[in-house]
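S.K.: Sharing a structure below in structure tokens format, with a few things to ask.
The values are calculated or read from the model by the stated rules, or taken from the named source; none is laboratory data. What you are looking at is a predicted structure, and each value in this text was computed from that prediction instead of being measured. Here Cβ is always computed from backbone atoms with ideal geometry, including for glycine, and neighbour counts include all displayed protein chains. Side chains are part of the model used for accessible areas, which takes the heavy atoms of the whole protein and leaves out ligands, DNA and RNA. Shrake-Rupley method; radii C 1.70, N 1.55, O 1.52, S 1.80 Å.
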Amino acid sequence: MNSQSHCLVSRRALLQAGAGLLLASALAPFPARSASSDGYRIVAAPARARFARPDRPETDVWTYNGTVPGSVVRLRQGERARLVVENRLDQETTVHWHGIRLPNAMDGVPGLTQPPIEPGKSFVYEFTPPDAGTFWYHPHANSLEQLGRGLAGAMIVEESEPVAVDRDLVWVISDWRLNDGGGIAPRFGNRMEAAMSGRVGNTVTVNGRVSEAESFLAGERVRLRIVNASLARIMALRFEGHRPTIVALDGQPCDPHEPENGRILLGPAMRVDLALDLGGEPGRRYDVIDDFYDGLSYRLTQLAYDARRPIRDHSVDAPVALPRNPLPEPDLASSERHTLTLQGGMMGGGMMGGGGGMMGMGHGAVWAINGQSMNGDGHAGMEPALVFERGRSVVLELRNETAWWHPMHIHGHSLKVLSRNGRAVPHRQWQDTVLMAPKDVVEAAFVADNPGDWMLHCHVMDHQMSGMMTVLRVA
């Protein structure tokens, strides 16, 4: 595993002056493209997709609206949305609107928040997104297989005032485990794999295809929204010849900053918004490299510049700072504190370990939180590990006592990341999915203002399905 630094931080105090500018005088605003928020119908159904060259075989996949990834859902901040999900699979499903702070009944966890959607049936999701940003949607039923066969899509909640960039782009990055015939390899849920890093694929796609290049114009500024929709693959992206600026994490704006060592670290389910200034040479190509896994670096795609002259005569100096969302600020002085310890998995010598006795591990479980395991996707009657009074400020200390990485996702809330291994986390970062390296200790705070039973789990789907999941109740 890669042992280099894993925090999305900047060494230098860059991009501070003028961070509030939206470049209204420099760039034309990106036009709003959202459909009416009540105009979405999403159909989960089998289809076929071609990930690579035309001479390569097609792959049987499961899709939203016939494509992988599914249709981009564009909503407006503060405007009520109505989304009808129809199930044409031969098994039950749900949809989880990942990162959206919505009512508990709309969260998409089978049994816990809603009945599963049976084959041939539909379910209507209605909510008003309070936050603008980059989110995504995926199943929370048979998650490992349904996500692994293609059910995922980006959800964009647009700011009330468009951000001034030349283009607003989405990259949904997925990886697939394909066999020699181009089909999706079977055997989801291998126990040995689940006890280690999970099901990492052998084919990586950008927006549903193996990408040789993505087209750009010299001189333009792009807002690039990247979604890691993989089952288990962690990514460390480098944009050769460019200096991207991180402006949001998991949909929540942060102080604009350059990534440490130029590497953008994304665990499964995480998102990052970049302000990318295209200052390269017309006609030239620049690699985008993923080098997270030691010795397994590969080229994700290339930035391919059109041969035309730059669209402006000088580079844009001021960074884009996104307007903050209405997240309640936790009161650290009066907050209650709790520790959640991640345990289990394969350790040296082939033993399951991690401390805590593992007395709560049920059949098929190899992971635990505070010694207790919850397997699967969610079900009725799940007892909460912690109960919070509504409106209380909470500090969670997340301790990773395992030998593996875990992107820990909280439903219904966003966490203000305070510190990692005793060091303060800069840039005012809020996240719904916090990537934990082996032996990491992370402190994060939130206001428990959204009533209901909420999942907290690892988003390496093998890990979730085999025990690294719990419930937090806001009473």
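S.K.: Taking Cα centroids, how far is the range 190-238 from the range 387-409 in Å?
M.R.: Result: 26 Å between the Cα centres.
S.K.: Related question: Farthest toward the dipole's positive end in the range 206-354, which of Ser334, Leu300, His314, given Cβ charges of +1 (Lys, Arg) and -1 (Asp, Glu) about the Cα centre?
M.R.: The listed residue farthest towards the positive side: Leu300.
S.K.: Right, another one. Heads up, I need the accessible area for Arg299: 1.4 angstrom probe, whole protein in place, Å², nearest 10.
M.R.: Accessible area, nearest 10 Å²: 130 Å².
S.K.: Out of Pro46, Gly208, His427, whose Cα points farthest toward the positive end of the dipole of the chain (charges: +1 Lys, Arg; -1 Asp, Glu; placed on Cβ)?
M.R.: Towards the positive end, the residue furthest out is Gly208.
S.K.: Sticking with this structure for a sec: Of all accessible surface on the chain at a 1.4 Å probe, what whole percent is carbon and sulfur?
M.R.: Of all accessible area on the chain, carbon and sulfur atoms account for 50 percent.
S.K.: In addition: Quickly work out the Asn179-to-Ala105 label distance, labels modelled 7 Å from Cα along the C-beta direction, and quote it in nm with one decimal.
M.R.: 4.5
S.K.: On a C-alpha basis, how far is the centre of the range 283-300 from the centre of the range 416-435 in Å? Whole number, if you could?
M.R.: Between the Cα centres of the range 283-300 and the range 416-435 lies a distance of 27 Å.
S.K.: Between Arg428 and Arg243, what length comes free when the chain is fully extended (0.36 nm per residue of separation minus the Cα-Cα distance, one decimal in nm)?
M.R.: 64.6 nm
S.K.: Leaving out ligands and nucleic acids, note down the accessible area per residue over the range 389-475 with a 1.4 angstrom probe, in whole Å².
M.R.: Heavy-atom SASA per residue in the range 389-475 reads 27 Å².
S.K.: At 0.36 nm per residue, and after removing the present C-alpha to C-alpha distance, how many nm does the segment from Ser160 to Gln91 gain when stretched out fully?
M.R.: Difference between extended and current length: 21.0 nm.
S.K.: Run the dipole for the range 381-469 about the Cα centre, Lys and Arg Cβ at +1, Asp and Glu Cβ at -1, nothing else charged, and hand back the magnitude in debye, nearest 20.
M.R.: Roughly 380 debye for the range 381-469.
S.K.: Using the crude model of +1 on Lys and Arg Cβ and -1 on Asp and Glu Cβ, and no other charge, please compute the dipole size for the range 155-302 relative to its Cα centre, in debye to 20. Present the calculation step by step, with values, prior to reporting the outcome.
M.R.: Details: 17 positive and 23 negative charges, 131 e Å.
Roughly 620 debye for the range 155-302.
S.K.: Sort 129-140, 190-201, 61-72, 302-313 for me by packing, meaning the mean count of neighbouring Cβ atoms within 10 Å per residue, highest on top. Intermediate values should be presented prior to the final figure.
M.R.: Values: 129-140: 24.7, 190-201: 18.6, 61-72: 21.3, 302-313: 14.8.
Taking the mean over residues of other Cβ atoms within 10 Å, the ranking is 129-140, 61-72, 190-201, 302-313.
S.K.: Please compute the contact order of the chain in relative form: average sequence separation of alpha-carbon pairs under 8 Å and at least six residues apart, divided by the residue count, as a percent.
M.R.: On the way: 1353 pairs, mean separation 76.9, N = 475.
Rounded, it is 16 percent for the chain.
S.K.: Let me ask something else about it. What is the dipole size for the chain, taken about its Cα centre, with +1 at each Lys and Arg Cβ and -1 at each Asp and Glu Cβ, in debye to the nearest 20?
M.R.: 500
S.K.: So what is the accessible area of the range 97-224 per residue, in Å², with the probe set to 1.4 Å?
M.R.: Computed with neighbouring chains in place, this is 31 Å² per residue.
S.K.: Turning to a different aspect of this structure: What is the extension gain from Ser334 to Asp449, computed as 0.36 nm multiplied by their sequence separation minus the C-alpha to C-alpha distance, in nm to one decimal?
M.R.: Full-extension gain reported as 39.9 nm.
S.K.: What distance in nm separates the two pseudo spin-label positions at Arg390 and Glu212, each 7 Å out from Cα along the beta-carbon direction?
M.R.: With each label placed 7 Å out from Cα toward Cβ, I get 5.7 nm.
S.K.: If you don't mind, another one. Cα gyration tensor of the chain, axes a ≥ b ≥ c as square roots of the eigenvalues: rounded (a/c below 1.5), prolate (a/b > b/c) or oblate?
M.R.: rounded
S.K.: Quote the accessible area belonging to Ile369 in square angstrom, nearest 10, computed with a 1.4 Å probe and with ligands, DNA and RNA left uncounted.
M.R.: Approximately 10 Å² for this residue.
S.K.: In deg cm²/dmol and to the nearest 500, what is the mean residue ellipticity at 222 nm of the chain if only DSSP H runs of at least 4 residues count, each as -39500 (n - 2.57), divided by the residue total? Could the numbers behind the result be given before it?
M.R.: Numbers: 3 runs with 15 residues, N = 475.
So the helix-based figure for the chain works out to -500 deg cm²/dmol.
S.K.: Amide H to amide H under 5 Å from Arg243: which residues, 5+ apart in sequence or cross-chain, H placed 1.01 Å off N in plane?
M.R.: It is Asp277, by chain and number.
S.K.: For an R0 of 41 angstrom, estimate the FRET efficiency from the Cβ-Cβ distance between Val441 and Arg82 and round to the nearest 0.05.
M.R.: So, using R0 = 41 Å, E works out to roughly 0.45.
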